[in-house]
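Below: the structure, in structure tokens.
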Amino acid sequence: MSDSNPEFTDIFAITSTMGCGSSMDSFDEPKTVVVFGATGLLGGSVARALLNDPFKFRVRCVTRRTNSDKARELAELGAVIVNANLDDTKSLEKALVNADAMFLTTHFWEEKNKQKEIVQGLNAIDAAVSCGVSHIIFNGSENVKKIIGRDCSHLDSKFSIEEYIREVDTEEGEDKALGLNYTILRLPFWYENFYTVFKPYKLKYGVYALALPMEDGILDCMAVEDVGECVYDILCKPKLFYGKTLGLCADRLSMTNIVDTFNKHFDTMKFKDPKIKIRDYENFKFAGSKDLAAMFEFYRDGTSVVRDIKVTKKLNSRTKSLDKWLDENKDYVEGAIREDEEDAQT
């Protein structure tokens with residue numbers, strides 16, 4: 001788990017005194033950015049960060065649910081809401097016509113189908129190339145199966161899409177009229193998981209488990225809301241990041257650090273690490289347990305996980321530590337716990 005990345009030293013030496021307003025790239029008029037997954041946590045973070053600067057960016061938010069509350073909230077902020085489906089290339093081309101950039105995140109967990117996620121990602125890339133989109137930012141991943149020797153469907157699928165992006169770039173060669181400019185993001189564990197998929201569960205009255213099977217490993221973490229500002233900075237200076245892979249991270253924590261930080265912020269709750277083993281976790285009786293166990297094994301291994309705190313803070317100096325994030329978001333965590341307890345009583 002590296003906390004420095006020499007590949008980006010020169011980039012940030014050049015831009016260390018530059019804000020977005022002194023970008024190397026022209027902003028004579030706002031650039032149009034198409035954001036996929038905009039009604040989700042990650043895409044929503046990116047969309048909101050770009051919408052905060054309407055002089056530089058026009059934002060199209062792609063969703064299949066144009067009448068949802070989240071879509072309406074984005075529209076109120078100034079987004080154009082576009083109905084498109086990653087299974088339908090024609091609808092994607094309509095969403096991407098005349099766009100300057102695309103932020104793409106794909107979603108495994110809705111159908112838990114690795115091959116379908118890959119095809120959907122390839123559909124979006126093909127549509128972007130067909131429409132002449134000049135810059136693609138993709139939420140990718142390492143080749144986890146190659147690293148740890150077993151399947152991790154929701155991360156391996158993203159690596160397959162990464163490979164395709166690089167293949168398209170190689171095929172286009174030096175023909176800049178067709179060339180594919182891309183930036184790959186590799187993200188860590190999100191703090192927001194603590195009030196969603198990995199929220200604490202009750203052990204007994206007032207005592208809750210933070211059940212992450214990290215054993216003695218160190219977990220790279222970040223607030224997903226902070227990713228949006230990183231993407232904003234990349235899109236302000238896109239040429240600096242063409243062909244780059246950026247591993248983002250704001251905090252690096254052991255389970256002891258995580259438990260201690262939670263206990264610092266909650267006066268009426270006690271948190272513990274149940275010390276679940278990865279091999280036990282993969283035998284849990286819920287869909288995806290084996291994939292999640294593989295993910296945590298990959299995180300715990302650490303030797304092939306490159307997430308760079310310094311690079312992340314150069315992109316977004318306001319990235320939050322877990323301590324700061326809990327200070328601002330503990331109510332969400334407590335609300336998720338209370339909701340589970342109420343559901344258990346009904």
If amide H atoms are modeled at 1.01 Å from N in the peptide plane, then the residues at a separation of 5 or more from Met102, or on another chain, having amide H under 5 Å from its own are Val34, His135, Ile136, Ile137
Whole-percent carbon and sulfur share, accessible surface of the chain, 1.4 Å: 47
When the helix-only estimate is applied to the chain (DSSP H runs of n ≥ 4, each -39,500 (n - 2.57), divided by the residue count), what is the mean residue ellipticity at 222 nm, nearest 500 deg cm²/dmol? -13000 deg cm²/dmol
Using Cα atoms only, what is the angle between the long axis of helix 322-345 and the major principal axis of the chain, expressed in degrees (0 to 90) to the nearest 10? 60
Please return the longest stretch of the chain lacking exposed loop sites, where chymotrypsin sites (Phe, Trp or Tyr not before Pro) count only if DSSP places them in a loop and at most 11 other Cβ atoms lie within 10 Å. 56-204
Derived scalar couplings ³J(HN,Hα) [the stretch 82-94; Karplus, 6.51 cos²θ - 1.76 cosθ + 1.60; whole Hz; x for Gly, Pro]: 10, 8, 8, 10, 5, 8, 10, 4, 4, 5, 5, 5, 5
Is the stretch 52-91 best put as rounded, prolate or oblate by its Cα gyration tensor, with a ≥ b ≥ c the root eigenvalues, rounded for a/c under 1.5, and otherwise prolate when a/b is larger than b/c, oblate when not? oblate
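Tell me, what is the percent relative contact order of the stretch 50-208, built from C-alpha pairs under 8 Å that lie six or more residues apart?
17
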How much length is gained on full extension from Asp53 to Tyr242, taking 0.36 nm per residue of separation minus their Cα-Cα distance? 65.8 nm
Debye-sum result for the stretch 194-340 in log10 I(q)/I(0), which assumes one identical scatterer on each alpha carbon, at q = 0.17 Å⁻¹: -1.07
With r defined as the distance between the Cβ atoms of Val207 and Ala75 and R0 fixed at 51 Å, what FRET efficiency is calculated, to the nearest 0.05? 0.75
Once the piece of chain linking Asp126 and Asn257 is laid out straight, how much longer is it, given 0.36 nm per residue of separation minus the C-alpha distance between them? 42.8 nm
Taking loop as defined by DSSP and a crowding limit of 14 other beta carbons within 10 Å, which trypsin sites (Lys or Arg not before Pro) in the stretch 204-298 fit? Lys275, Lys277, Lys285
Using 7 Å Cα-to-Cβ label points, what is the Asn98/Asn193 separation (nm, one decimal)? 4.1
Averaged across orientations, what area in nm² does the convex hull of the alpha carbons in the chain project? 18.0
Once the Cα atoms of helix 289-301 and of the chain are each reduced to a long axis, what angle between those two axes, in degrees from 0 to 90 to the nearest 10, is obtained? 80
Can you list which of the trypsin sites (Lys or Arg not before Pro) found in the stretch 87-134 are DSSP loop residues with at most 14 other C-beta atoms within 10 Å? Lys112
Suppose a student asked you for the relative contact order of the chain, using Cα pairs under 8 Å spaced at least 6 residues apart; what percent would you report? 19
Once you put a point 7 Å from the Cα of Arg64 and another 7 Å from the Cα of Asp280, both along the Cβ direction, what distance in nm separates them? 3.7
Using the Cα centre of the chain as origin and beta-carbon charges of +1 (Lys, Arg) and -1 (Asp, Glu), tell me which of Phe103, Leu42, Trp190 is placed farthest towards the positive end of the dipole. Trp190
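The values are calculated or read from the model by the stated rules, or taken from the named source; none is laboratory data. In this text, all values refer to a predicted model and were calculated from it rather than measured experimentally. For neighbour counting, all protein chains shown are included, and Cβ atoms are generated from backbone atoms with ideal geometry for every residue, glycine included. Ligands, DNA and RNA are stripped out before the accessible areas are found, and what is left, the full protein with its side chains, is counted by its heavy atoms. Shrake-Rupley method; radii C 1.70, N 1.55, O 1.52, S 1.80 Å.
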